[in-house]
1. Would you check if V55 is in a helix (DSSP H, G or I) and open to solvent by 10 Å² or more (accessible area, probe 1.4 Å)?
2. Conditions first: (1) within 17 Å of K128 (Cβ to Cβ); (2) out of contact with any strand residue (DSSP E or B) (no Cβ under 7 Å at 6 or more places or on another chain); (3) surrounded by fewer than 21 Cβ atoms within 10 Å (Cβ to Cβ). T95 passes all but one, so which condition is the exception?
3. Can you name every residue in region 5-19 that is of a type in the set (S, T, Y) and either closer than 14 Å to R134 by Cβ or open to solvent by 50 Å² or more (accessible area, probe 1.4 Å) (or both)?
4. A88 fails exactly one of the following numbered conditions: (1) modelled with pLDDT of 95 or more; (2) open to solvent by 40 Å² or more (accessible area, probe 1.4 Å); (3) in a helix (DSSP H, G or I). What is the number of that condition?
5. Checking the condition under 10 Å from the mean Cα position of the chain (by Cα) and either open to solvent by 30 Å² or more (accessible area, probe 1.4 Å) or farther than 23 Å from A68 by Cα (or both), which residue from N41, N22 passes?
6. Specify the residue that is farthest from H3 (Cα to Cα); the eligible residues are those in region 115-139 that are in contact with a helix residue (DSSP H, G or I) (Cβ under 9 Å, 6 or more places away or on another chain) and in a helix (DSSP H, G or I).
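The values are calculated or read from the model by the stated rules, or taken from the named source; none is laboratory data. This is a predicted model, so every value here is computed, not measured. Because the Cβ atoms are built from the backbone with ideal geometry, glycine has one as well, and the counts that use them run over all protein chains shown. Keep in mind that these areas ignore ligands, DNA and RNA; they rest on the heavy atoms of the full protein, side chains included. Shrake-Rupley method; radii C 1.70, N 1.55, O 1.52, S 1.80 Å.
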Amino acid sequence: MDHDNFIGHALDEAQTSIDAGNIAVGSVIVRDGEIIGRGQNRVESEKDVTAHAEVDAIRNACRNAGPAALVGATLYTVCEPCPMCLGAINEAGITCLVLGGQHSKVGITRFGDYCVERMVELTNSDLKLVTGIRENECEEMRRRSS
């Protein structure tokens, strides 16, 4: 899997999110080497507190390929997903999560000591984590809209 390339697509989605007045988070879902879902943070533009990039990508992938296509897929995201989004990722059956940046390194404190690694362990999830892909670029992108 070309993690750098797919994180690049997530960064493109994050830039579109910024351009629309939202927080800089973008995500893509990949199945068999193809992007099946794209998402961006749309909380401000859609006035919907659940319109996070990861949930938006899951919704988009379900419309494009059907919910069954998410089972075994990989989700790429610019910054660590919040607890709500991680729950949605697990419910969707996504088996790999590739992160650019993490909350602690960006200075996001609203989730306390939460980190995706701890939540995966707490829930006994089989979700595979890949971290640090284009980390500096992703964290800088996220900082621009904090």
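1. Values: in a helix (DSSP H, G or I): yes; open to solvent by 10 Å² or more (accessible area, probe 1.4 Å): yes.
Yes.
2. Result: T95 fails condition (2) only.
3. Within region 5-19, the subset of a type in the set (S, T, Y) is 16-17.
T16, the sole residue that qualifies.
4. Of everything listed in (1) modelled with pLDDT of 95 or more; (2) open to solvent by 40 Å² or more (accessible area, probe 1.4 Å); (3) in a helix (DSSP H, G or I), A88 misses just condition (2).
5. Numbers: N22 fails: under 10 Å from the mean Cα position of the chain (by Cα).
Testing whether each residue is under 10 Å from the mean Cα position of the chain (by Cα) and either open to solvent by 30 Å² or more (accessible area, probe 1.4 Å) or farther than 23 Å from A68 by Cα (or both) leaves just N41.
6. M119
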